[in-house]
Amino acid sequence: YNPGFHKLFDEIISNSVDESKRPNTSLNIIKVEIDKTKGTISVFDNGGIPVEMHKDTKMYVPQMIFGNLRSSSNYNDDEDRSWVGVNGLGSKISNIFSTSFIVETADGKKKFEMEWMENMKKHTKEKITSTSKHFTRITYTPELSRFGMKEISDDDIRIMEKRVYEIAGCNPKLTIFFQGKKIMINSFKDYCNMYLDENNPLIYIENKDWQVGVALSTTSNFQHVSYVNSVYTYDGGNHLNYILDQITPYLREKITKKYKTDILPGQIKNHIFLFVNSTIIRPSFSSQTKEKLISDVKNFGTSIELNEKFLSQIYKSEITNS
């Protein structure tokens, strides 16, 4: 698969997730539809963008957001934001790599509709109508040849489906549909257990900003499934180190005391399967694709203390025996 193609989808659906985290939002539904025959991907949410003229640019706000570079509302570094979009580039990049990019949005009074074509080079005139609805729908046709692709394959659809499951697991307050089917995940714990079987129970702890699960590694090497503000951090990062730095010293002390053998933190780590869903304020990543968190722990803005009960459960688990 081509990761660039999938990043386009991630940028669009992440906009909806980010919007659901803003204060006073009513957004709680996301629907994803993929038409393999037409080559189109649609992401709907029940939020809505203000359909009004921007006082400086003299263009409608939705046009500015999706069709003009460097026009984000996320630049304020003094804001304690827990969403991921920073530079406002993501959705515009999706537009640039598409042959058609249609924006429909309604704010309860007006509905805005516009289509961009030919990699954002051209667009139709905005269509404004009256409505009482609240929603945003992005329907785009990615230019597959730019990704060395001839079609949206079944594998591509499965990868997008996995991303939808991740978002459902990280955001249990959202109701999410994929191809018309509701995703039945009620918590991050439910999502973690999809990776495990009854012979490898999950040890779990959470607060409002952090959800942490620990199980025995199934590969004899460290495994992790981790997220920062709903973004899948494939390469991990400091949020994982923050959790491991609480687990490994505890286990090392207990094991050394009982078995009279000094064991290194890296040896302990190799037997752990770690699940982390974290909310980080103003997160910093190693790249635009956001696969690794590089924010310092002191700048997280949130925290979780792994208590004695949780750590003791890990020590008494199959991890120590292994």
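Quick notes on this one:
- Ordering of 212-223, 259-270, 95-106 by packing [mean C-beta count within 10 Å, highest first]: 95-106, 212-223, 259-270
- Environment charge of residue 255, counting only residues whose C-beta is closer than 14 Å and scoring Lys/Arg +1, Asp/Glu -1: +4
- Averaging the sequence gap over all C-alpha pairs within less than 8 Å and six or more residues apart, then dividing by the number of residues, gives the stretch 213-279 a relative contact order of 58 percent.
- For the chain, calculated [θ]222 nm from helices alone, where every DSSP H run of n ≥ 4 adds -39500 (n - 2.57): -8500 deg cm²/dmol
- Here the accessible area of the stretch 126-203 is 47 percent carbon and sulfur, with a 1.4 angstrom probe and all protein chains present.
- The chain: relative contact order in percent, alpha carbon pairs under 8 Å with at least 6 residues between: 16 percent
- Between 0 and 90 degrees, the angle of helix 3-20 with respect to the longest Cα principal axis of the chain falls at about 90 degrees.
- The value given for the stretch 111-166 is a Kirkwood hydrodynamic radius of 14.4 Å, derived from the mean inverse Cα-Cα separation.
- Using all pairs of distinct alpha-carbon atoms, the Kirkwood hydrodynamic radius of the stretch 169-306 works out to 16.1 angstrom.
- Taking only the C-alpha atoms of the stretch 154-204, Rg followed by Dmax gives 12.0, 34 Å.
- Cα extents for the stretch 1-48 along the principal axes, largest to smallest and rounded to whole angstrom: 37, 20, 12.
- Spatially proximal lysines relative to residue 55 (Cα-Cα < 30 Å; intrachain offsets below 8 disregarded): 21, 92, 109, 110, 111, 121, 122, 125, 127, 133
- Lys, Arg +1 and Asp, Glu -1 on Cβ, resulting dipole of the chain about Cα centre, debye, nearest 20: 280 debye
- Taking label positions 7 Å along the Cα-Cβ direction at both residue 245 and residue 190, the computed distance is 3.4 nm, reported to one decimal.
- Distance from the C-alpha centroid of the stretch 259-313 to that of the stretch 155-190: 24 Å, rounded to the whole angstrom.
The values are calculated or read from the model by the stated rules, or taken from the named source; none is laboratory data. Here the structure is a predicted model, which means the values were calculated and not measured. For neighbour counting, all protein chains shown are included, and Cβ atoms are generated from backbone atoms with ideal geometry for every residue, glycine included. For the accessible areas, the whole protein counts, side chains as well, though only heavy atoms, and no ligand, DNA or RNA atoms are used. Shrake-Rupley method; radii C 1.70, N 1.55, O 1.52, S 1.80 Å.
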